[in-house]
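Chemist: Okay, here's the structure, questions in a sec.
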Amino acid sequence: MDLKNEADYDRLRATQWRARNTMSRRALFRMSATVGLGAAVGGMAPRPAAASRSAAAATGPIVKPLPPELFVVHGSNAEMRWEAMRGQGYHTPIDRFFVRDHTSTPLIDVRSWRLRLFGSGLHGSPTLDRAVTFSYEDLLGLPSREISAFIECTGNGRGFYTTQQNQQVSGTAWKLGAVGVARWRGVPLSVVLERAGLTRHAVDVMPRGLDADYVDAGTNHGRVRRPIPVAKALDDVLLAYEMNGRPLPPDHGFPVRVVVPSWVGISSIKWVGDIEVSDAPLFSPWNTQYYRLFGPDYPPEGSAPLTRQVIKSAFELPWDATLSAGRTTVLHGRSWSGHGAVRQVEVSTDGGANWRQARTHGPGRPGGWLRWEFPWHPDGTGPHTLLARATDTTGTTQPDTARYNTLGYLFDAVVRHPVTVS
Ligand SMILES: Nc1nc2c(c(=O)[nH]1)N[C@H]1C(S)=C(S)[C@@H](COP(=O)(O)O)O[C@H]1N2
Ligand SMILES: [Mo]
């Protein structure tokens with residue numbers, strides 16, 4: 001079986017998931033209990049019935065329902081349909097937030113869950129067996145912060161390398177729906193690092209998930225983990241336990257996930273179990289063989305490990321939408337960048353020949369997105385191509401083509417969105 005082939009990979013995962021489900025009744029019960037406890041501790045109304053219902057209905061690696069009007073499922077991943085953001089507020093509701101699982105969503109018992117910090121960058125906790133530990137209640141008792149931030153898969157837009165640029169890339173062929181903006185509440189990672197005894201010599205911090213080992217092409221890479229530099233860790237990284245005002249849902253990292261604003265989605269480790277803090281650089285497959293740029297334009301070991309997401313725009317429209325002729329339709333969309341707030345968006349309704357500025361809703365926010373609209377009166381029936389092109393505060397504008405890399409990361413080019421006027 002070729003595990004680099006997505007279909008093979010997905011079949012294997014489906015088999016593994018079915019095997020797991022035959023023994024999952026106790027896990028489901030545990031989860032309904034844990035969500036109850038989490039909610040009680042967090043001072044919110046418990047939702048155990050809803051949680052066990054959605055878990056019982058799950059037929060794949062993802063726990064929450066994935067109705068086809070909201071999601072396109074790619075194996076263990078689920079992409080949001082952009083038309084599902086039409087009429088929504090600033091944030092992406094949980095019921096339509098994309099999910100990217102390397103294996104499958106684990107159901108974690110919050111009563112026995114502990115966060116463990118260890119490593120040469122801490123005073124007196126060199127190894128995992130001498131780790132500083134925090135329970136869920138410990139974290140809830142620490143100073144908290146709430147931020148709005150997007151989480152976006154580094155491969156978001158990957159499918160357009162092939163469909164727009166005629167280039168072969170490997171990985172999930174996402175359109176633009178592997179992104180969402182949520183309100184995240186939790187403890188700043190800096191607070192936990194200070195309490196754990198951070199030294200002045202620490203350079204890297206590596207959170208690791210509690211989901212299953214990731215096996216790719218017959219190689220077991222161990223549990224999902226990726227280092228972040230201590231400067232970023234101390235800046236704006238959150239250990240989040242709430243999403244949009246509720247306890248984190250299982251698929252998004254319950255009980256606690258890392259949120260690394262503006263950075264590649266892989267940095268935001270879900271179901272975090274331990275964090276290694278080191279006085280020397282750390283490595284994992286996720287900052288060496290994945291999440292670097294490879295290909296003819298790059299050195300053999302790849303680019304430097306990826307950090308910030310690039311600039312993108314999306315219309316809140318179905319792919320191949322049908323629009324009515326003879327009247328004005330207001331087109332809506334959102335643009336975002338990991339390098340700074342979006343400051344301007346232009347739209348073309350004629351395949352890129354003419355561009356006009358979209359009307360934007362308030363100023364852009366770093367780490368978030370900017371909503372915009374554009375009234376359009378189509379001048380004829382038939383197929384049309386809509387384009388949106390954003391510029392951020394660094395002066396970067398979306399290019400016509402994205403720079404090729406074999407793993408199809410960081411697609412930033414203007415997307416050609418087909419519609420039919422009839
Ligand atoms: N433990 C763990 N963390 C993880 C992942 C994972 O599979 N396991 N996937 C990563 C990737 S690649 C992305 S894009 C985001 C997706 O977050 P979401 O599923 O909440 O949208 O989580 C990241 N954190
Ligand atoms: Mo991702």
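The values are calculated or read from the model by the stated rules, or taken from the named source; none is laboratory data. Source: prediction; values computed, not measured. Cβ: placed from backbone, ideal geometry, glycine included. Neighbour counts: every protein chain shown.
Chemist: Check whether at least one residue in region 218-225 is more than 26 Å from Ile108 (Cα to Cα) and crowded, with 24+ Cβ neighbours inside 10 Å, and report yes or no.
Modeler: No, region 218-225 has no match at all.
Chemist: Here is a follow-up. So which residues in region 160-175 are within 18 Å of the chain's Cα centre (by Cα) and closer than 19 Å to Leu306 by Cα?
Modeler: In the first step, residues of region 160-175 are kept if they are within 18 Å of the chain's Cα centre (by Cα); the result is 171-175.
Of everything in region 160-175, those that are within 18 Å of the chain's Cα centre (by Cα) and closer than 19 Å to Leu306 by Cα turn out to be Gly171, Thr172, Trp174.
Chemist: Moving on to the next point. Taking region 159-185, which residues are more than 20 Å from Gly75 (Cα to Cα) and either within 15 Å of ligand 1 (Cβ to nearest atom) or of a type in the set (Lys, Arg) (or both)?
Modeler: Scanning region 159-185 gives Val181, Ala182, Arg183, Trp184, Arg185.
Chemist: What is the residue count in region 325-351 for residues that are farther than 20 Å from Asp400 by Cα, part of a loop (DSSP other than H, G, I, E, B) and touching a His at 6+ places or on another chain (Cβ under 9 Å)?
Modeler: Matching residues across region 325-351 total 3.
Chemist: Still on this model: Within region 251-265, which residues are surrounded by 23 or more Cβ atoms within 10 Å (Cβ to Cβ) and near ligand 1 (Cβ under 10 Å from one of its atoms)?
Modeler: Within region 251-265, Asp251, His252, Gly253, Arg257, Val258, Val259, Val260, Val264 qualify.
Chemist: While we're on this one: Being away from ligand 1 (no atom under 13 Å from the Cβ), modelled with pLDDT of 95 or more and among the aliphatic types (A, V, I, L, M) is the filter here, so list the residues in region 204-236 that pass it.
Modeler: Val205, Val230, Ala231, Ala233, Leu234
Chemist: With (1) more than 16 Å from ligand 1 (Cβ to nearest atom); (2) surrounded by fewer than 19 Cβ atoms within 10 Å (Cβ to Cβ); (3) among the aliphatic types (A, V, I, L, M); (4) within 29 Å of Arg246 (Cβ to Cβ) as the list, and Leu117 as the residue in question, which single condition is left unmet?
Modeler: Leu117 satisfies all of (1) more than 16 Å from ligand 1 (Cβ to nearest atom); (2) surrounded by fewer than 19 Cβ atoms within 10 Å (Cβ to Cβ); (3) among the aliphatic types (A, V, I, L, M); (4) within 29 Å of Arg246 (Cβ to Cβ) except (2).
Chemist: Here are the criteria: (1) out of contact with any helix residue (DSSP H, G or I) (no Cβ under 8 Å at 6 or more places or on another chain); (2) assigned to a loop (DSSP other than H, G, I, E, B); (3) not basic (Lys, Arg). Tell me which single one Thr322 does not satisfy.
Modeler: (2)
Chemist: Can you tell me which residues in region 202-228 are away from ligand 2 (no atom under 16 Å from the Cβ), closer than 30 Å to Thr162 by Cβ and β-branched (Val, Ile, Thr)?
Modeler: Val215, Thr219
Chemist: Please verify whether Glu137 is within 15 Å of ligand 2 (Cβ to nearest atom) and over 23 Å from Ala217 (Cβ atoms), treating the condition exactly as stated.
Modeler: When the stated conditions are applied, Glu137 does not pass them.
Chemist: Which members of region 76-89 meet the condition of being in a loop (DSSP other than H, G, I, E, B) and in contact with a Ser or Thr (Cβ under 7 Å, 6 or more places away or on another chain)?
Modeler: Once the filter is applied, which keeps residues that are in a loop (DSSP other than H, G, I, E, B) and in contact with a Ser or Thr (Cβ under 7 Å, 6 or more places away or on another chain), region 76-89 yields only Ser76.
Chemist: Given the criteria touching a residue at least 60 places away in the same chain (Cβ under 8 Å), farther than 19 Å from Val264 by Cβ, among the hydroxyl-bearing types (Ser, Thr, Tyr) and away from ligand 2 (no atom under 16 Å from the Cβ), does Thr199 qualify?
Modeler: For Thr199, the condition - touching a residue at least 60 places away in the same chain (Cβ under 8 Å), farther than 19 Å from Val264 by Cβ, among the hydroxyl-bearing types (Ser, Thr, Tyr) and away from ligand 2 (no atom under 16 Å from the Cβ) - is met.
Chemist: Tell me which of these Ser135 doesn't satisfy, since it passes every other one: (1) surrounded by 22 or more Cβ atoms within 10 Å (Cβ to Cβ); (2) away from ligand 1 (no atom under 16 Å from the Cβ); (3) hydroxyl-bearing (Ser, Thr, Tyr).
Modeler: It is condition (1) that Ser135 fails.
Chemist: Would you point out which residue out of Val192, Val187 is touching a Leu at 6+ places or on another chain (Cβ under 7 Å), part of a strand (DSSP E or B) and in contact (Cβ under 8 Å) with a residue 40 or more places away in the chain?
Modeler: None of the others qualify; the one that does is Val187.
Chemist: Is region 265-277 home to any residue that is within 16 Å of ligand 2 (Cβ to nearest atom) and either outside the structural domain of Ser120 (by TED's automatic domain parsing) or among the polar types (S, T, N, Q) (or both)?
Modeler: Among the residues of region 265-277, at least one is within 16 Å of ligand 2 (Cβ to nearest atom) and either outside the structural domain of Ser120 (by TED's automatic domain parsing) or among the polar types (S, T, N, Q) (or both), which makes the answer yes.
Chemist: Hey, another quick one. Just wondering, is there one or more residues in region 171-179 that are surrounded by fewer than 18 Cβ atoms within 10 Å (Cβ to Cβ) and either part of a loop (DSSP other than H, G, I, E, B) or away from ligand 2 (no atom under 16 Å from the Cβ) (or both)?
Modeler: Within region 171-179, not a single residue is surrounded by fewer than 18 Cβ atoms within 10 Å (Cβ to Cβ) and either part of a loop (DSSP other than H, G, I, E, B) or away from ligand 2 (no atom under 16 Å from the Cβ) (or both).
Chemist: Please enumerate the residues belonging to region 143-158 that are more than 11 Å from ligand 1 (Cβ to nearest atom), crowded, with 17+ Cβ neighbours inside 10 Å and not in a loop (DSSP other than H, G, I, E, B).
Modeler: Ile147, Ala149
Chemist: For region 229-258, enumerate the residues that are under 17 Å from Asn287 (Cα atoms) and within 16 Å of ligand 2 (Cβ to nearest atom).
Modeler: The answer is Val258, and nothing else.
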